[in-house]
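What follows is a set of notes on a single structure, which appears directly below.
Please treat every number below as a calculation from the coordinates, not as lab data. Note that the structure is a prediction, hence the values are computed from the model and not measured. Backbone-built Cβ (ideal geometry, glycine too); neighbour counts: all protein chains shown.
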Amino acid sequence: MKSLSRWFGRNLIRIYMVLGFTYLFIPILYTIIFSFNDYIKSNLVWRGFTWHNWQTPCGVPNICSDLGNSLKIGLLATFVATILGTMIAFALGRYAFKGRPFVNTLIFLPMASPELVLGASLLTIFINLGFNLGFWTIVIAHVMFCISFVVVTVKARIASLDPRLEQAAMDLYANERETFRRITFPLVAPGIAGAALLAFSLSFDDFIITNFNSGTVETFPLFVYHNAERGLPAQANVIGSSMFLIALIIVLAGQIVSRKRKIA
Amino acid sequence: MTLTVAPVKKPRSRKIGMPYLLLLPGMLWLITFFLIPILTLVKTSVNMDLKNYDPTSAATGSFWGNFWEAFRTHEAPFARSFIYALAATLIALCIAYPLAYGIAFKAGRWKNVLLVLVVAPFFTSFILRTIAWKQILGQQGPVFHLLLNLHLVTYQSHITASAGAVIAGLSYNFLPFMTLPLYSSLERIDPRTLEASGDLYANAFTTFRKVTLPLSLPGVVAGTLLTFIPAAGDYVNAEILGNPSTTMIGNVINAQFLRTSNYTLAAALSFVFMVMIIGIVLFYISRAGTEELV
């Protein structure tokens, strides 16, 4: 009995972590299970196992074109936001300049503003300017809210670099550009990759800002929202589950590759 | 002969134009698509007189009058947003702290994998997960059946369509935003400081209270803000997991913008809400004593 309570004491955090991750994954497990449901109209009650939904992931009108929109918007927004954000992060992390408080505030405010306000204010200006709402207004909005997250992530990485490494390169007669290309950038690169991943996941999952600025264009989260009332087809579960699994596989593969490289 | 060692300095370039060149495109983007829209929103919010509201008249409202009118007529949803968000943030903190602690100190080589698992739910779509919760807790779901068999609920009762369900949904959905900053501040703690505390005869609890917790405070501040802000502005959880008496300010603003098209009221409400949020954020940061958040 005593050894059992000691075991609990020692593994309390581990037990807690298992519980925490279980909680995090309950709705995902549910989504995956119900992607195999032999549903008729609404995917609410378990009616039996079928492969059918996985064989026809595009079997519902719009679902795959909406997923395509989400992926295109996510990639474009990630690309632009990562470049712009990384440039700002380098300016903040590597240079002294006037107007730093203004820049810091302008980076901080979008993160401190509720998405609703960001979406609503962008909609106001798009209407005032007579923009056609659609694909490009969504991209513009996504780049806007991703920039700050990229800046924060990359800046943290730059701040954690050992300045002696760059100094050593300079001592070995590397000029500024060479030092940047061969020392600084490779060291910051994992931070940039992390920032890009974060930006993509924020963009891919965004609903509130997109809903304001989408016009008639639909992304995958909008598809789910619009169809929720009529009863969501199991194909939505198929797509949600496979995006989750694909993301997991890509990142785990990246982990294994980088670990092997470290050992080699 | 004396040997002088150059002091280690951060290599800062002396080119004056370079930082501005780096900043220009990103700042232009934020000014055009964040700052100017917010200012336009403020302008829109006085377009019509809200007190004597008449969509056909061209009378513009007074600046403060419209904001006061917007706030006064929607006190309850405002209050609900802040209370729900506060409750959800506290719950998320209690769940996320041990999780982040475990990943930072106990996960070993699984650290990165577990971190990815924290973010991975993002990819199934936030709406899909919220709907999943609705079905899991709903009257046809497994949890309800279990409780029914244990005679803890009756057929008339329900778990969803309640304030509790909305708060639970909010704390679930923003959990990654809480966990990641907590993790990054915990991970930065030098394990030797914890050992030192043990060497000085502090027990595990004292070490946590006097060393770990204070050192992780920046993460607590960042995590609670990143959870509280989106939770207060959310309307999806209240819509899917709530009932008409759990309406949050987000639901009101969303309906005014996209259904009723009363842009003046919607803009005024948004602005009041944003000012309140930023006020709370600044107050909180000044009390928590973190100098630079970004």
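Extension gain, A:Arg182-A:Trp7: 0.36 nm per intervening residue step, less the Cα-Cα distance, totals 58.1 nm. Which entries in A:Lys155/B:Lys43; A:Lys98/B:Lys111; B:Lys106/B:Lys210; A:Lys72/B:Lys111; A:Lys260/B:Lys210; A:Lys155/B:Lys111 show an alpha-carbon gap greater than 29 Å? Too far apart for the 29 Å limit: A:Lys155/B:Lys43; A:Lys98/B:Lys111; A:Lys72/B:Lys111; A:Lys260/B:Lys210.
Distance from the Cα centroid of the stretch A:114-173 to that of the stretch B:81-137 is 24 Å (rounded to whole angstrom).
Which of the three applies to the stretch B:45-288, rounded, prolate or oblate, going by the alpha-carbon gyration tensor with a ≥ b ≥ c and a/c under 1.5 meaning rounded? It comes out oblate by the Cα gyration axes. Overall, the anisotropy analysis places chain A in the oblate class: the square-rooted eigenvalues a ≥ b ≥ c of its C-alpha gyration tensor yield a/c not less than 1.5, with a/b not exceeding b/c.
When the helix-only estimate is applied to chain B (DSSP H runs of n ≥ 4, each -39,500 (n - 2.57), divided by the residue count), what is the mean residue ellipticity at 222 nm, nearest 500 deg cm²/dmol?
Working: 15 runs with 186 residues, N = 294.
Using -39500 (n - 2.57) per qualifying helix, the result is -20000 deg cm²/dmol.
Computing FRET efficiency as 1/(1 + (r/R0)^6) for A:Ala159 and B:Ala255, where r is the C-beta to C-beta distance and R0 is 45 Å, gives about 0.55. Cβ distances below 4.7 Å define possible disulfide partners, and in chain A the cysteines left without one are A:Cys146. Cα-based values for the stretch A:16-165, radius of gyration first and Dmax second, are 21.7, 66 Å.
Inter-label distance, B:Gln156 to B:Val143: 2.3 nm, where each label sits 7 Å from its Cα along the C-beta direction.
Set the Förster distance to 41 Å, then compute FRET efficiency between A:Leu129 and A:Ile15 from the Cβ-Cβ distance, nearest 0.05.
Numbers: r = 56 Å, r/R0 = 1.36.
Efficiency, rounded to the nearest 0.05: 0.15.
Run the Debye formula on the Cα coordinates of the stretch A:1-101, all scatterers equal and no solvent, and tell me log10 I(q)/I(0) at q = 0.11, 0.19 1/Å. Ignoring solvent entirely, the Cα scatterers give -0.77, -1.01.
Under the rule of -39500 (n - 2.57) per DSSP H run of 4 or more residues, summed and divided by the residues of chain A, what mean residue ellipticity at 222 nm is obtained, to the nearest 500 deg cm²/dmol?
Values: 12 runs with 201 residues, N = 264.
Computed ellipticity for chain A at 222 nm equals -25500 deg cm²/dmol.
Between A:Arg100 and B:Cys94, the modelled label-to-label distance comes to 4.1 nm, taking each label 7 Å out from Cα in the direction of the beta carbon.
Between 0 and 90 degrees, the angle of helix A:63-94 with respect to the longest Cα principal axis of chain A falls at about 20 degrees. What is the log10 of I(q)/I(0) for the protein assembly as shown, computed with the Debye formula using one identical point scatterer on each Cα and no solvent, at q = 0.12, 0.13 Å⁻¹? Debye output, listed in q order: -1.30, -1.49. Excluding same-chain neighbours fewer than eight residues apart, the aspartates and glutamates reachable from B:Lys134 by a Cα-Cα span under 14 Å are A:Glu229, B:Glu239. Give me the distance in nm between label points sitting 7 Å out from Cα along the Cα-to-Cβ direction at A:Asp38 and A:Asn175, one decimal. Inter-label distance under the simple model: 7.3 nm. The string of couplings for the stretch B:85-99 from the Karplus curve (6.51, -1.76, 1.60, θ = phi - 60°) is 5, 5, 4, 5, 5, 5, 4, 4, 4, 5, 7, 7, 4, x, 4 Hz, one whole number per residue in order, with x for Gly and Pro.
Ranked by the mean number of other Cβ atoms within 10 Å of their residues, highest first, the peptides A:55-66, A:221-232 fall in the order A:221-232, A:55-66.
Within 10 Å of the Cβ of each residue in A:26-37, the mean number of Cβ atoms contributed by other protein chains is 4. Inter-part distance, the stretch A:52-81 to the stretch B:215-234, computed on C-alpha centroids, equals 31 Å.
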